[in-house]
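First up is the structure itself, then whatever we jot down about it.
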């Protein structure tokens, strides 16, 4: 019986292929940012954020579009060499501080900062 046909092949492949850090990192990001993304979607659909920010209603299209682009570029991303960049760590720290600040605009800005920090930290400048 091969590892592919065993009931635990999914978890075995994650460990063998060293995909578990990616899964853990994605889970943490999802856990942190689902409330923010939910708030954004509620604001875009129900106009509950404020009339002052109504011109951001096109944002509802942005998240699925960004996901589509990321899915299309995943092969290129995986082919990039792993080059750690200290600037990515600094962006991650800045994003976390912004997220924890309690200031609404800083919390909203923390999401793209954290994503850019992760890309820079994991793949270097080529990852941006």
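Throughout, read-outs are computed from the coordinates displayed, never taken from laboratory work. Here the structure is a predicted model, which means the values were calculated and not measured. Methodologically, a virtual Cβ is constructed for each residue, glycine included, from the backbone with ideal geometry; neighbour enumeration extends over all protein chains shown.
A few notes on this one:
- For 119, 89, order by how many other beta-carbon atoms lie within 10 Å, fewest first: 89, 119
- Segment residue 45-residue 84, length gained on full extension (0.36 nm per residue, minus Cα span): 10.2 nm
- Packing-based ranking, highest mean first, of 67-79, 33-45 given that Cβ atoms within 10 Å are counted: 33-45, 67-79
- Relative frequency of Cα-Cα separations exceeding 14 Å in region 32-127, percent: 71
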